[in-house]
Amino acid sequence: MILQLYILRQVVFTLCVFLGGIAFVIFPAVAVSAITRLGGVNVKAVLGYLPLAGMDVLPYLLPMGFLLALTSAYGRLAADNEWTAIQMARRNPYKLLLPALLVAVVFSAGTYHLLATVRPEFKYEQRVYAKRAIVDTFKDLNPGRTELAFGDFYLHAARRPAKDTFGEVLIQMPGDDDRPDLRIVADRARFTFTEIELAVEFTGARIVSGQDDLVAEYSELRRPLEDIFEEEAYAREAGKYFTLAELRRRLADPEVRAGLSESRIKQYRYELNQRPAFALSFVLFVFFGAPIGLMLRRGTRLAAMTAAVGVAFAYYLGSLRLGKQLAKVSTVDPALAVWVTNIVGLVIGLYLTWRAMRR
């Protein structure tokens, strides 16, 4: 028990160190992504977006941090000859995986809850936050600010006669499949927003590019916000925006299911299997992290860390990319497409563990 508590402390401490290091490295990238996505808005809006972006990447960072922590903790046992002493004392080496499995079960349960009930709402909120933040920023634009850009939308004005009105303006308005991009100059432009649409009232407008008939002393232009922000027209019906309980209810309700396309049903079934399968990656990584650390004890720690990162990326590629593509194939059951990576990974991991314990 004392030995297992010692290993547990090593795993937990190393896990905290690696998660802190990963967060330190990832945070700037998340911040840059937020600034890019929310180009032209204020700092407050960017800071409000960071938790949403962080929630999007957290479920993927935790398993990698756990795998690296196991590789380091068990590798240190081997490098310091503590593992040799344990073997000489005729301790059952498999029991020394129990601390790692305990931590894995706790994190798997937490990640399952995160993916099943918390992250779907955060993911949908992240989609609409950028639009809402930019619209709010536009509405509350500082009095002296006469330039704004987000996506392909660009506004430059010589003056601001009123809060929502710009004078001597140049506007670049992105189009869509049916309408070309527009570059418009006008003596005055007044902006109003609804939940789904941007309306611009022009005075003395002249088009310098594009083909819309807008040349007039006074005219109005309307564009859906989806077009301006160049977002894919995601539907709230997408499986990733529902909790697992909601997905089960929708598939179990005959009336709701009758209104779903076959591809949507497969998407729902994929989500129902993918989230618990990914949550169990912590348990799977026990059988990779510990043996990698033990088997590469004669090499450098960099080699062990590189191998662990390679395992994590291989798992992510198989689970998230390959599994998703297989789930779209009509001849492959979504459940099988999702779980095949875990099953193959478990077989390989158990073999590596068996080899490491015999060394």
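The values are calculated or read from the model by the stated rules, or taken from the named source; none is laboratory data. Small disclaimer: the values here were computed from a predicted structure and weren't measured. Positions of Cβ are backbone-derived with ideal geometry, glycine not excepted, and every protein chain shown enters the neighbour counts.
In the range 77-134, which residues are within 21 Å of L244 (Cβ to Cβ) and modelled with pLDDT under 80? Result: E121, F122, K123, Y124, E125, Q126, R127.
Mind checking which residues of the range 225-258 are surrounded by fewer than 13 Cβ atoms within 10 Å (Cβ to Cβ) and modelled with pLDDT under 85? First the steps, then the outcome.
As a first pass, look at the range 225-258 and keep what is surrounded by fewer than 13 Cβ atoms within 10 Å (Cβ to Cβ): 230, 232-233, 235-236, 245, 249, 252-256, 258.
Passing the criteria: E230, E232, A233, A235, R236.
Assessment of the range 68-87 against the conditions (small (G, A, S) and under 30 Å from T146 (Cβ atoms)) yields no matching residue.
Within the bounds of the range 317-337, is there any residue that is at pLDDT 85 or above and under 19 Å from L97 (Cβ atoms)? No, the conditions are met nowhere in the range 317-337. Within the range 304-346, restricting attention to residues that are β-branched (V, I, T) and touching a residue at least 24 places away in the same chain (Cβ under 8 Å), the residue that is surrounded by the fewest Cβ atoms within 10 Å (Cβ to Cβ) is V344.
Rundown of residues vs (1) assigned by TED's automatic domain parsing to the domain that holds A23; (2) in contact (Cβ under 8 Å) with a residue 12 or more places away in the chain; (3) in contact with a Leu (Cβ under 6 Å, 6 or more places away or on another chain), yes/no style:
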residue: L70; (1), (2), (3): yes, yes, no
residue: Y74; (1), (2), (3): yes, yes, yes
residue: N81; (1), (2), (3): yes, no, no
residue: I86; (1), (2), (3): yes, yes, no
residue: P93; (1), (2), (3): yes, yes, no
residue: P99; (1), (2), (3): yes, yes, yes
residue: L102; (1), (2), (3): yes, yes, no
residue: V105; (1), (2), (3): yes, yes, no
residue: G110; (1), (2), (3): yes, no, no
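It is to be established whether one or more residues within the range 273-288 are in a helix (DSSP H, G or I), crowded, with 19+ Cβ neighbours inside 10 Å and modelled with pLDDT under 90. No, there is no match, as no residue in the range 273-288 is in a helix (DSSP H, G or I), crowded, with 19+ Cβ neighbours inside 10 Å and modelled with pLDDT under 90. On the stretch given as the range 83-112, residues that are surrounded by 16 or more Cβ atoms within 10 Å (Cβ to Cβ) and within 18 Å of G293 (Cα to Cα) total 9.
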